[in-house]
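The values are calculated or read from the model by the stated rules, or taken from the named source; none is laboratory data. Predicted, not measured: the structure shown is a model, and the values here were computed from it. Cβ atoms come from the backbone with ideal geometry, glycine included; neighbour counts cover every protein chain shown.
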Amino acid sequence: MKRSFSLYMLVIAIYFTAGCAMSQKDLVKQTSAPEVIRIGGGDAALTEVITPVKETFEEENPSLRLVAIQSKPGTELADLDSGALDAVVSTLDLEAFLKRAAENETPMDGEAFREVPVGTNETVVFLNHGVKIKKLTKKQLKAIFAGKITNWRKFGGPNRRIVVVWSPAADGENDAFVRKVMEGEEVVSTFLPVANVEEMRAKVLETPGAIGIGPSVLVSRGVRVPGSLTVASSVVLITKGEPSPKVRKLLDLIKDVAFLR
């Protein structure tokens, strides 16, 4: 009888130990840190493509975390090559990045990278609410951003100094604006610098006489958008080699969101 009782207790102990081991295993699974996907690129492209899908992506893929990193212009391909980034999104295409890398004396093999179109960035003009101007032509915008005209009175607006707000970090968006609107002419050197397009919107809102450019997704109450031309640029996602499975999941979601729009 004693022997039977001892055997019974041994069986219970084995099951209990196994149960504890399983629980610890499950706990490790639950508390393990999610794998990070690092997406670099220009500020406007990140705002247009990555920010809108971040929350949904992480909800659908709880083991992954999506991190957007504002890249320093000229370092994008090097960061991809080293593995510091999993992908880059930009309104600049791969050819432009390769040219930039060569100019910085860090040439890259174009065959090592892949490029996938993921959307369109629409750049619009942002005005402070005190500038009651309904429309600005391409010629007028060029004169404003080049610093050739410095008072809104010239365009039928208030007698107030024009303040150009500019985000150097949005290099891809800036490049398209300079090519298509400024026709290669440089932006006035006395612009009011901001760190990103979100800060650009806030600064235009709070600064009398201010004007800036930014992605149309940032248009919100309180910001005036005159009936001016819209600069549309394709947004691409660049990877080293074929997109990894985790980046492929992101691409699939971006395509779904684009279709729903």
Among the residues that make up region 226-240, is at least one of them assigned to a helix (DSSP H, G or I), surrounded by 15 or more Cβ atoms within 10 Å (Cβ to Cβ), in contact (Cβ under 8 Å) with a residue 60 or more places away in the chain and out of contact with any His (no Cβ under 7 Å at 6 or more places or on another chain)?
no
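Give the residue that is nearest to residue 123 (Cα to Cα), with candidates limited to residues of region 62-92 that are among the polar types (S, T, N, Q) and in a strand (DSSP E or B).
90
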Determine if region 206-223 includes at least one residue that is at pLDDT 90 or above, touching a strand residue (DSSP E or B) at 6+ places or on another chain (Cβ under 7 Å) and surrounded by fewer than 21 Cβ atoms within 10 Å (Cβ to Cβ).
yes
Before we move on, is residue 137 at pLDDT below 95, more than 30 Å from residue 97 (Cβ to Cβ), surrounded by fewer than 20 Cβ atoms within 10 Å (Cβ to Cβ) and not charged (D, E, K, R)?
yes
Check 131, 164, 187 and return the single one that is farther than 23 Å from residue 220 by Cα, of a type in the set (A, V, I, L, M) and surrounded by 16 or more Cβ atoms within 10 Å (Cβ to Cβ).
187
Of all residues in region 175-208, which are within 19 Å of residue 140 (Cβ to Cβ) and assigned to a helix (DSSP H, G or I)?
176, 177, 178, 179, 180, 204
Of the residues in region 97-124, how many are hydrophobic (A, V, I, L, M, F, W, C), modelled with pLDDT of 90 or more and assigned to a helix (DSSP H, G or I)?
3
Sort out which residues of region 190-205 are farther than 23 Å from residue 158 by Cβ and surrounded by fewer than 20 Cβ atoms within 10 Å (Cβ to Cβ), and write them in order of number.
193, 195, 196, 198, 199
For region 83-109, give me the residue count where each residue is surrounded by fewer than 17 Cβ atoms within 10 Å (Cβ to Cβ) and under 13 Å from residue 40 (Cα atoms).
2
Within region 87-134, the residues that are closer than 15 Å to residue 75 by Cβ and of a type in the set (S, T, N, Q) are 90, 104, 106
